């Protein structure tokens with residue numbers, strides 16, 4: 001039997017030994033083990049803050065979407081006062097799923113099994129045939145609402161946790177919040193989703209995707225090499241891609257909680273900007289005008305100035321955070337995404353990697369724009385994001401074809417004893433006048449941020465229950 | 001359908017409105033379209049992408065809306081055209097083909113073995129004499145690596161074909177209506 005008070009698997013292996021802090025190795029077994037997966041549901045997905053969507057998905061009273069916190073399905077709904085609630089989609093009567101749709105508007109949610117009904121805030125309305133009191137005489141009506149998670153909105157993003165008395169979202173984001181603010185809270189109207197998220201299943205353990213989301217920059221050179229071969233990234237012939245190393249030099253940031261972002265100047269990555277030699281001569285102010293951050297236009301710059309410190313603005317001018325992740329399962333993709341016609345309006349996307357058993361993950365992909373963007377720009381940003389990320393995206397289709405192989409390898413009697421190696425550390429190095437906190441790594445992107453992700457994973461998985 | 005729903009891009013399952021005269025199944029024109037559809041499926045299954053590019057019109061719109069599960073009065077509003085799985089025009093399709101031709105398009109190298117089973121073809125005239133509306137069902141099976149279980153994708157395709165010569169058409173529009181709200185394939189690195 002699995003002893004959950006001490007994090008030890010039934011064969012006697014201690015979880016903490018699966019992540020070797022001396023040699024910085026992570027056992028492949030973590031990508032396939034069923035006991036580990038069950039522990040993750042309790043210790044991570046029932047404990048940390050999880051991203052469930054954006055409030056612009058449910059603008060009106062009664063609007064709802066159905067999402068997942070680990071394996072637990074929840075209803076994300078807006079009540080008449082405008083507050084957002086996150087409710088376990090499990091009827092307290094017989095355990096039936098209450099809401100059967102994926103999205104909609106309903107003044108109440110009535111279970112189709114016996115008819116128990118609930119308001120958008122989760123409170124119990126009653127069971128049919130009131131005079132017979134079919135909710136019984138054991139529990140008062142006030143006790144029979146849908147189980148509610150703790151909710152916090154941040155830049156319109158809906159986060160929830162089952163850890164009712166745990167750290168606030170702000171505490172959970174820690175030193176990385178300064179950087180996330182630059183992406184999510186930078187205009188008067190804020191972000192809006194351009195539609196419901198793409199969803200698809202990848203036959204891989206969720207951590208194969210999640211550990212990459214912790215700012216794995218290095219894989220771009222090889223796995224996404226087609227970007228250089230087609231002339232979108234880099235300034236090199238196919239033969240000297242490694243020497244040229246586009247997208248590798250910048251400043252990676254992370255923090256104790258495993259979140260991370262890669263702050264990369266546009267001209268380090270994209271061929272189109274590499275050839276703009278005048279960029280180097282511009283002051284940050286001028287640079288913002290010539291090359292606004294992804295998703296931002298010149299016209300929106302006054303808004304940016306209102307929402308950011310001068311230091312934050314300088315960072316957005318020189319090296320905006322473009323990719324990264326939020327522990328445990330969020331990928332952030334806010335990229336310039338120039339097109340072959342020489343234009344760029346950026347692509348803004350967030351993904352969650354929702355566990356679907358040890359061997360599958362549901363890839364959820366939301367596409368965003370600033371509310372104040374023009375309809376044409378929003379249309380263009382949707383197309384940019386769909387062409388590069390998510391289901392058919394020419395970048396991410398290579399990722400989703402890679403992770404399943406890692407998972408498969410982790411199932412073998414020998415394969416599961418092999419390790420993933422995080423031996424290449426850059427070490428903390430903060431550029432002079434760097435505006436933000438956290439762990440800062442200036443230079444060639446290495447394993448630091450991903451290793452921090454695993455250290456936080458290890459901390460949660462081995463914490464005293 | 002309420003205005004709020006429509007403005008958020010959730011639309012009815014009904015096919016694109018067809019106003020023209022139905023082209024009789026088995027007629028000479030119908031058979032011409034059927035041959036085009038069969039030949040196109042073969043080009044993609046045989047990965048003859050240069051030849052496939054030749055049958056795409058330069059003003060092509062190639063899209064795949066999301067599908068979504070809804071209940072009650074809105075239950076048939078399951079097509080979402082705000083977010084798409086494919087959102088391509090001619091130049092972006094050429095970009096996809098260019099990538100497939102590189103040395104590092106790993107999602108399809110090694111390539112999938114695919115079979116496009118096209119059925120239920122229905123053809124209509126349109127307001128333009130040189131254009132036909134052709135709707136077909138597609139069942140795509142995809143085999144990758146050593147996996148013995150086929151990946152399956154089912155959809156209906158709303159095509160607009162434009163006459164480009166005797167016995168020849170170009171694909172001027174393809175809208176792919178998938179049947180899954182959560183796709184069972186890890187990517188759409190293949191065309192539908």
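The values are calculated or read from the model by the stated rules, or taken from the named source; none is laboratory data. Since this is a predicted model, take the numbers as computed values, not measurements. Counting neighbours? That spans all protein chains shown, and the Cβs are built from the backbone with ideal geometry, glycine included.
Quick notes
- Given (1) out of contact with any helix residue (DSSP H, G or I) (no Cβ under 7 Å at 6 or more places or on another chain); (2) surrounded by fewer than 20 Cβ atoms within 10 Å (Cβ to Cβ); (3) at pLDDT 85 or above; (4) not in a loop (DSSP other than H, G, I, E, B), index of the condition residue A:301 fails: (1)
- Members of the range A:141-157 found to be without any contact (Cβ under 8 Å) to a residue 40 or more places away in the chain and either crowded, with 20+ Cβ neighbours inside 10 Å or in a helix (DSSP H, G or I) (or both), listed by number: A:141, A:142, A:143
- Being farther than 18 Å from residue B:133 by Cβ, surrounded by fewer than 13 Cβ atoms within 10 Å (Cβ to Cβ) and at pLDDT 95 or above is a property that residue B:50 has.
- Residue selected from the range A:194-221 under the condition at the interface with chain B (Cβ under 8 Å from one of its Cβ atoms) and over 13 Å from residue A:406 (Cα atoms), by the criterion surrounded by the fewest Cβ atoms within 10 Å (Cβ to Cβ): A:201
- The set of residues in the range B:74-87 being at the interface with chain A (Cβ under 10 Å from one of its Cβ atoms) and either in a strand (DSSP E or B) or over 19 Å from residue B:15 (Cα atoms) (or both) consists of B:80, B:81, B:82, B:83, B:84, B:85, B:86, B:87.
- Test: residue B:113 is more than 17 Å from residue B:156 (Cα to Cα), out of contact with any helix residue (DSSP H, G or I) (no Cβ under 7 Å at 6 or more places or on another chain), at the interface with chain A (Cβ under 7 Å from one of its Cβ atoms) and in contact (Cβ under 8 Å) with a residue 12 or more places away in the chain: no
Conditions (1) closer than 16 Å to residue B:185 by Cα; (2) in a helix (DSSP H, G or I); (3) within 12 Å of another protein chain (Cβ to nearest Cβ); (4) free of Cβ contacts under 8 Å to residues at least 60 places away in the same chain, marked per residue:
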position: A:349; (1), (2), (3), (4): no, no, yes, yes
position: A:353; (1), (2), (3), (4): yes, no, no, no
position: A:391; (1), (2), (3), (4): yes, no, yes, no
position: A:394; (1), (2), (3), (4): yes, no, yes, no
position: A:399; (1), (2), (3), (4): yes, yes, yes, no
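- Breaking point among (1) more than 10 Å from chain A (Cβ to nearest Cβ); (2) outside any strand (DSSP E or B); (3) out of contact with any helix residue (DSSP H, G or I) (no Cβ under 8 Å at 6 or more places or on another chain), for residue B:98: (1)
- Criterion violated by residue B:4 - all others in (1) touching a strand residue (DSSP E or B) at 6+ places or on another chain (Cβ under 9 Å); (2) at pLDDT 80 or above satisfied: (2)
- Those residues of the range B:36-54 which are without any contact (Cβ under 8 Å) to a residue 60 or more places away in the chain and under 19 Å from residue B:90 (Cα atoms), in sequence order: B:43, B:48, B:49, B:50, B:51, B:53, B:54
- Test: residue A:345 is within 12 Å of chain B (Cβ to nearest Cβ) and part of a loop (DSSP other than H, G, I, E, B): no
- Helices (runs of 4 or more DSSP H) wholly inside the range A:158-241 that include at least 1 residues being touching a strand residue (DSSP E or B) at 6+ places or on another chain (Cβ under 7 Å): A:169-173, A:177-184, A:206-213, A:226-229
- Residue satisfying condition, being within 14 Å of chain B (Cβ to nearest Cβ), on the phi < 0 side of the Ramachandran plot, touching a residue at least 24 places away in the same chain (Cβ under 8 Å) and touching a helix residue (DSSP H, G or I) at 6+ places or on another chain (Cβ under 6 Å), within set A:328, A:321, A:338, A:293: A:338
- Subset of the range A:390-414 that is more than 26 Å from residue A:196 (Cα to Cα) and buried (at least 22 other Cβ atoms within 10 Å of the Cβ) - its residue that is farthest from the chain's Cα centre (by Cα): A:410
Yes/no matrix, rows are residues, columns are (1) within 14 Å of chain B (Cβ to nearest Cβ); (2) more than 24 Å from residue A:364 (Cα to Cα):
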residue: A:44; (1), (2): no, no
residue: A:53; (1), (2): yes, no
residue: A:81; (1), (2): no, yes
residue: A:87; (1), (2): no, no
residue: A:105; (1), (2): yes, no
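- Any hit, the range A:372-389, residues being within 11 Å of chain B (Cβ to nearest Cβ), without any contact (Cβ under 8 Å) to a residue 24 or more places away in the chain, surrounded by fewer than 23 Cβ atoms within 10 Å (Cβ to Cβ) and part of a helix (DSSP H, G or I): yes
- Residue B:70 satisfies every condition listed in (1) loosely packed, with under 14 Cβ neighbours inside 10 Å; (2) touching a residue at least 12 places away in the same chain (Cβ under 8 Å) except (1).
- Residue in the range A:60-69 that is in a loop (DSSP other than H, G, I, E, B) and either away from chain B (no Cβ under 14 Å) or under 25 Å from residue A:355 (Cα atoms) (or both) present: no
- Any hit, the range B:170-184, residues being in contact with a helix residue (DSSP H, G or I) (Cβ under 8 Å, 6 or more places away or on another chain) and touching a residue at least 60 places away in the same chain (Cβ under 8 Å): yes
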